[in-house]
Amino acid sequence: MELFQKILCPIDYDGQCRASLDLARKIAEVTSARVYALHVALTEPAEDVGREKGVTLRPKKIADEHLNGVEHEFVVRIGLPAVEVLDAARDLGADLILIPTHGREGLKRLVLGSVAEHIIRESNIPVLTVRKS
């Protein structure tokens with residue numbers, strides 16, 4: 001049995017996801033795993049092609065740059081990030097979730113909540129959190 005065959009790596013627009021994509025690539029190089037770069041949008045992208053490119057293709061470009069050389073696929077889902085990450089992990093048969101964390105503390109964390117924390121609590125598979133270095 002191989003350790004990891006399918007890695008789910010949620011991504012967004014900020015630099016935080018770049019560290020998790022780089023780690024996903026390193027793990028995939030060693031294990032020959034397939035990486036699923038997941039972007040969760042809160043709403044449907046506009047029908048306008050120009051707007052859709054800005055909403056959907058920017059994260060894809062980031063994923064393609066950081067996952068170059070390993071088998072990967074870009075996936076877009078619509079909904080609440082924590083719910084969609086967990087659903088995608090189940091639907092894709094992922095055996096590892098590699099998630100960026102912003103490391104919020106104090107009142108900011110209490111008020112904003114934590115997508116990563118929800119995923120960690122609810123996931124049935126291992127979750128590895130990655131902080132931007």
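The values are calculated or read from the model by the stated rules, or taken from the named source; none is laboratory data. Bear in mind the structure is a predicted one, so any value in this text is a computation, not a measurement. Positions of Cβ are generated from backbone atoms using ideal geometry, with glycine treated the same way; all protein chains shown enter the neighbour counts.
In the stretch 66-89, which residue that is assigned to a helix (DSSP H, G or I) and in contact (Cβ under 8 Å) with a residue 24 or more places away in the chain is nearest to R131 (Cα to Cα)? Restricting to residues being assigned to a helix (DSSP H, G or I) and in contact (Cβ under 8 Å) with a residue 24 or more places away in the chain, the top hit is H66.
A single entry from G113, G93 fulfils the requirement of being modelled with pLDDT of 95 or more and of a type in the set (G, A, S): G93. For residues in the stretch 9-57 being among the small types (G, A, S) and surrounded by fewer than 17 Cβ atoms within 10 Å (Cβ to Cβ), which is modelled with the lowest pLDDT? If we take residues in the stretch 9-57 being among the small types (G, A, S) and surrounded by fewer than 17 Cβ atoms within 10 Å (Cβ to Cβ), then G50 is modelled with the lowest pLDDT. Within the stretch 116-133, the set of residues being modelled with pLDDT under 90, closer than 24 Å to Q5 by Cα and small (G, A, S) comprises just one member, A116.
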